[in-house]
Amino acid sequence: MTLSRDQIVPALIQLLGAESVLAEPAEIAGYLSEPRRRFHKEAQAIALPRTVAEVQAVMEWAHEVGVHIVPQAGNTGLVGGQVPLYGDEVIVSISRLRGVRSVDAAAGHMTLDAGTTLEEAHEAAEAAGMMFPLYIASQGSARIGGVLGSNAGGVQVLSYGNARELCLGVEAVLADGSIYNGLNALRKDNTGYDLKDLLVGSEGTLGIITAATLKLYPKPETYETALLNVASPQAALEVFAQLRARAGNTLTAFELMPRIGFEFQLKHGMIAQDPTAAVSGWYVLAEISVPKGGRGGALSETIEDMFETGLVANGVIADSLAQRQAFWVAREQMSEVQSREGASIKHDVSVPVAAVPELIARGSEAAARMVPGIRPVPFGHLGDGNIHFNFSQPEGADPKAFMDGAEAVHEVVYAVVRELGGSVSAEHGIGQLKTGLLKAVKDPVALKMMRAIKSALDPKGILNPGKLLG
């Protein structure tokens, strides 16, 4: 039996109180659309539990009556995993589960409620003299539960890994309302399946993460940051190899950016001045984190060598915190600025690091054959092979007509990605955007295993229905 809104809302109010249930259109509007506005469906109500016990109560009720639940954290996801798909769902927002449970700097970990923002996590680590090394553009609004649910990446995956590698344990409420108490801080635990890793990256389809124990790292003493001119992605790859050989794991970020991305930002006033040394087709933003007691200068020494060989044509080494921040602001705005230029077709893909230049060359050529005048804007984490392979509409083109042809561009780009042994989703997840694509590219046995896990943990299919596995 399907419950109506008139039945759902009073039941939620009885569980949580009227102040924790939203049902009026004006109240719930902000929860229904994701940042790119690609997906929009109604929800029966928004539940705002304040405690783990209240999340548990909601899930026990939903499991009993068969109401579909969409877990939502900061609503910053880009593939529609956190918004309704059918219109009959209740959104359970964890935004009120917010706070620091404990910090142990000596042992190198902290435990946070899942509604804590990523920026607040950084502040908690900083207050303890430590660092939580996961940085993404939306960190002011992204919350720990969503960061883990989507296995977010960011700009320091090169040295520290994705969210999964930075998580020691989680607490989660499962589909039937039972609580998985997995908040251990053990670095070694060989007692069977790693259940934490099932929940991290599951996009809210297996449980609602309510708290997490995260790794902390010593703060670097300083940073060496440079924005370098390179002739091509292949040259950037050679720069990466030389810097990695010299700096090892202290090379914590290595980002590739095209000139067009800077030109867009200058054109639309998103940066006051060009932070680069000179016009170049391509740039890399490289950063070395110098540990306390470590020797500085590795970046400048290596760059000098590359100047002599001609591998780097020009560049700027940040001589102040403000200049370093200017470099990073320009990098973080590479995606956002495309909306100022009209419609854009976006891909979050990864390939083996050595294949990135071929991906960009072949993918750009294939897209240009489909849409003459299309403007490639590929950028991202060259050091770990994750490129945000975006395309802006041709100048003066009709945005709707351009987006009507998006599927053809997707097909040719994903074909290149697959031929190079890559992934069609590197760090944004599957959500509702890529469920069909996942079925087409994922190993059938892997899909069978994933469906079996879903069926075992959520036999009624009430958690985030239609997402990830379709």
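The values are calculated or read from the model by the stated rules, or taken from the named source; none is laboratory data. Quick caveat: nothing in here was measured; it's all calculated off a predicted structure. Glycine gets a Cβ as well: all are built from the backbone with ideal geometry, and neighbour counts include every protein chain shown.
Could you please tell me which pairs satisfy a Cβ distance under 7 Å, a separation of 6+ or placement on different chains, a first residue in the stretch 235-259 that is free of Cβ contacts under 8 Å to residues at least 60 places away in the same chain, and a second residue that is assigned to a helix (DSSP H, G or I) and of a type in the set (V, I, T)?
Note: pairs meeting the criteria are L243/T302; R246/T302.
Would you point out which residue out of E42, E54 is surrounded by 13 or more Cβ atoms within 10 Å (Cβ to Cβ), touching a helix residue (DSSP H, G or I) at 6+ places or on another chain (Cβ under 8 Å), modelled with pLDDT of 95 or more and of a type in the set (D, E, K, R)?
E54
Which helices (runs of 4 or more DSSP H) sit wholly inside the stretch 190-269 and have at least 1 residues that are touching a Leu at 6+ places or on another chain (Cβ under 9 Å)?
By residue number, 195-199, 233-247.
V155 versus (1) more than 30 Å from E64 (Cβ to Cβ); (2) buried (at least 20 other Cβ atoms within 10 Å of the Cβ); (3) in contact with a Leu (Cβ under 8 Å, 6 or more places away or on another chain); (4) not small (G, A, S): which is the lone unmet condition?
Checking V155 against (1) more than 30 Å from E64 (Cβ to Cβ); (2) buried (at least 20 other Cβ atoms within 10 Å of the Cβ); (3) in contact with a Leu (Cβ under 8 Å, 6 or more places away or on another chain); (4) not small (G, A, S), the one that fails is (3).
Checking the conditions here, which among A211, A226 is closer than 23 Å to A142 by Cα, surrounded by 21 or more Cβ atoms within 10 Å (Cβ to Cβ) and either among the polar types (S, T, N, Q) or touching a residue at least 60 places away in the same chain (Cβ under 8 Å) (or both)?
That would be A211, the only listed residue that is closer than 23 Å to A142 by Cα, surrounded by 21 or more Cβ atoms within 10 Å (Cβ to Cβ) and either among the polar types (S, T, N, Q) or touching a residue at least 60 places away in the same chain (Cβ under 8 Å) (or both).
Identify all residues within the stretch 424-458 that are in contact (Cβ under 8 Å) with a residue 60 or more places away in the chain and over 15 Å from V200 (Cα atoms); write none if there are none.
Scanning the stretch 424-458 gives V424, S425, Q432, L433, K434, D458.
Looking at G421, G431, G383, which one is surrounded by 20 or more Cβ atoms within 10 Å (Cβ to Cβ), among the small types (G, A, S) and part of a loop (DSSP other than H, G, I, E, B)?
Result of the check over G421, G431, G383: G431.
Can you tell me how many residues in the stretch 87-112 are in a strand (DSSP E or B) and of a type in the set (A, V, I, L, M)?
Adding up the residues that qualify gives 7.
Kindly evaluate E123 against the criterion of being surrounded by fewer than 18 Cβ atoms within 10 Å (Cβ to Cβ) and more than 21 Å from V83 (Cα to Cα).
Yes, satisfied.
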